[in-house]
Each structure stands twice: as structure tokens, then as C-alpha cells.
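The values are calculated or read from the model by the stated rules, or taken from the named source; none is laboratory data. No experiment lies behind these values; they were computed from the predicted model shown. Note that we place each Cβ from the backbone using ideal geometry, even for glycine, and neighbour counts take in every protein chain shown. Note: accessible area is taken over every heavy atom of the protein model, side chains too, but ligands, DNA and RNA are not part of it. Shrake-Rupley method; radii C 1.70, N 1.55, O 1.52, S 1.80 Å.
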Amino acid sequence: MRILDDVSVTDVTGFKAAGIAAGVKKSGKKDMMLLYSEVEAVSAAAFTTNRVKAAPILVNMENINNAVTRAIVVCSGNANACTGEQGLADAKAMTERVAEKLGLDSKEVLVQSTGVIGVNLPMDKIIPGIDNLVENLTDDGGVDAAVAIMTTDLIKKEFGVEVEIGGKPVKIIGMAKGSGMIHPNMATMLSFITTDANISSDLLQELLSELTEITFNQITVDGDTSTNDMVLVLANGEAKNAEIQKGSLAYQQFKNVLQAVFTDLAKSIAKDGEGATKLIEVQVENAVDEYSARMLAKSVVGSSLVK
């Protein structure tokens with residue numbers, strides 16, 4: 001495994017992205033992002049466990065079941081949460097606009113939002129913003145995309161690795177945002193990972209679900225769980241490796257590097273927590289099993305007294 005320097009999600013073959021200022025944020029900073037695979041890709045995701053789920057999450061929970069995922073569009077500055085039927089219609093409208101502009105089916109598009117809760121999206125800015133994003137998709141747009149998803153983050157968060165699988169170099173590169181309302185079982189955080197590995201959606205989902213539990217779901221900042229947010233992996237097979245099979249050497253290699261990416265991004269989110277001055281890691285010894293060890297660690301890092 002080789003850690004890559006100065007990476008972005010578009011350093012993976014076949015991916016383009018863009019990040020722009022559409023006017024969602026009053027500050028004038030970048031606030032919309034589009035990530036696009038030029039070829040068919042499979043996807044896997046984990047979503048917030050909050051019983052109150054934002055409109056984008058509800059749309060994604062349906063669209064993630066599509067055999068192909070080609071794009072995700074994100075707005076930052078407005079979470080489109082607690083916005084009722086209008087919010088759901090707006091989230092769907094975002095996927096439909098991206099699909100129209102890229103010649104896709106709307107089921108091939110995922111959508112996400114982050115920011116203030118309880119306010120409807122400014123669709124008069126969002127729709128032109130999507131058009132602008134499509135026009136500005138580039139092979140090096142991942143850097144702008146990583147900036148565009150930030151809200152109260154102090155730094156953008158990116159990490160990537162390369163590993164040889166079946167004689168082919170495979171890249172896994174991720175970006176993330178999150179600094180407040182970070183608590184186990186998904187919270188106000190977004191993480192988008194691209195890879196050119198050839199792997200089935202079912203096996204990718206199995207790996208993502210397993211690794212999310214021991215990485216993203218182990219961090220906490222303030223104990224609050226959000227209505228939004230997700231971890232998404234898009235795999236487009238452009239590395240041309242033989243399809244990864246469960247239990248094989250290739251499977252273990254891919255799992256190891258995916259875990260490394262998840263771990264780094266999760267730690268970077270916790271380290272950038274609102275008001276945080278230290279990153280605390282808890283190591284548990286002599287627990288009866290891994291689950292007990294993780295629960296013990298969570299209780300320590302989540303303790304207000306410890307903090």
C-alpha cells in the first residue's frame with residue numbers, strides 16, 4: 001500500500017468533479033459540488049441512523065438500490081432537513097436536473113445537503129448551480145469539490161492510497177466534511193470515496209457496512225446525531241483488475257486499503273471538531289470480544305467528564 005500525496009477524488013481514473021459558489025451560502029464561498037463517473041459505476045453507502053432523516057437521505061436510500069450510480073450532487077449551507085414534502089420534491093428535482101444535463105437516469109444520481117435545518121432549499125440558485133457544475137466538470141475538479149462540501153470545517157479532508165491488486169494498480173481516494181454534531185452511527189459528516197477497483201456492488205456494500213462500524217461509527221465530538229449524512233463509495237472498475245471475490249487475496253488487500261482510507265477520514269473529522277484542541281484515541285485491552293472493546297472505547301470518548 002502506498003499513501004498518495006496531494007490527492008483528490010478525481011485522481012481516480014474515470015472521475016470528474018466540480019465545486020462552485022452558487023449563492024447558497026451568504027459568504028460567497030463554494031457551496032455546491034458534483035462528482036461524476038464517466039463510465040458505469042457501482043455504489044455502496046451508509047446513512048445516518050437518526051429516526052428523523054433529511055430529504056436527501058430518503059431519496060438516496062431508494063436510489064442506492066439502482067444497479068448503476070454515476071453521480072452525486074451536494075449543496076452546502078442548507079441541509080434540506082425537516083422540510084417536509086417540499087424538501088423531498090426539491091431533492092428529487094436535483095437528481096433529475098443532473099440526470100437531464102448528463103444524459104442519465106435520475107436513479108443513477110445521488111443527492112446530499114448539509115447546513116442549516118428547517119429551511120427550504122433556494123432552488124432558484126440550486127438549479128442554475130447544477131447547470132454550472134455540469135459545464136465545469138474537470139479531471140482535476142476534486143480539489144474544488146472537497147472545499148465546496150465544507151461548512152464549519154477549518155480544513156478540507158482528503159486521503160488516498162494505491163495498492164496493486166492482481167497485477168493492476170488500484171486507487172482508493174476519499175474526501176470528507178464534518179466538525180460538529182459528530183457522534184457514533186453517522187452524524188453531520190459526509191464522506192465520498194472513489195475507486196477504480198472492479199468489485200460488485202453487493203461485496204462493496206458488505207465491506208462498507210463492516211468497516212463503517214469500526215471507523216466512522218467509532219468517533220464522537222459532541223454527542224449529537226444528525227438528520228443527514230452518509231459515507232458513499234463509487235467503484236467504476238477502470239483499474240481493469242479481475243473482479244474482486246470474497247475471501248481472495250485481492251479481497252483482503254482491498255479491504256485493508258479501504259479501511260485505511262475510512263480510518264484516516266474519520267480521524268480527520270474528529271480532529272477538526274468544533275472547539276476541539278486534542279484528538280483522543282482509546283485503546284482497549286483484554287475485552288471479551290471486539291464489540292465489547294468498541295463499546296467501552298465509545299463510552300470513554302463520549303464521556304463529558306473525560307472531555
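Details
- Shown are Arg51, Arg2, Arg97, whose ranking by accessible area with a 1.4 Å probe and every protein chain present, most to least, is Arg51, Arg2, Arg97.
- Entries of Lys177/Lys240; Lys30/Lys157; Lys107/Lys267; Lys16/Lys156 with Cα pairs more than 21 Å apart: Lys177/Lys240; Lys107/Lys267
- Its relative contact order, with pairs defined as Cα atoms under 8 Å and 6+ residues apart, puts the range 1-57 at 24 percent.
- Distance between modelled label sites at Glu206 and Asp6, nm, 7 Å Cα→Cβ extension: 4.0
- Beta bridges from DSSP with both residues in the chain: antiparallel share about 70 percent, rounded to the nearest 5.
- Net charge dipole size for the chain [Lys, Arg +1 and Asp, Glu -1 on Cβ; Debye, nearest 20]: 600
- Note on the range 77-188: antiparallel DSSP beta bridges, both residues inside, total approximately 85 percent of the bridges counted.
- Once the chain from Leu249 to Leu296 is taken as fully extended at 0.36 nm per residue, the excess over their C-alpha distance is 13.7 nm.
- With contacts taken as Cα pairs under 8 Å and at least 6 residues apart, the chain reaches a relative contact order of 22 percent.
- Calculated P(r) tail over 30 Å for the chain, as whole % of Cα pairs: 27
- For the range 1-152, the share of DSSP beta bridges that are antiparallel, to the nearest 5, is 60%.
- Compared with the alpha-carbon gap, the fully stretched path from Ala89 to Met123 is longer by 11.2 nm at 0.36 nm per residue.
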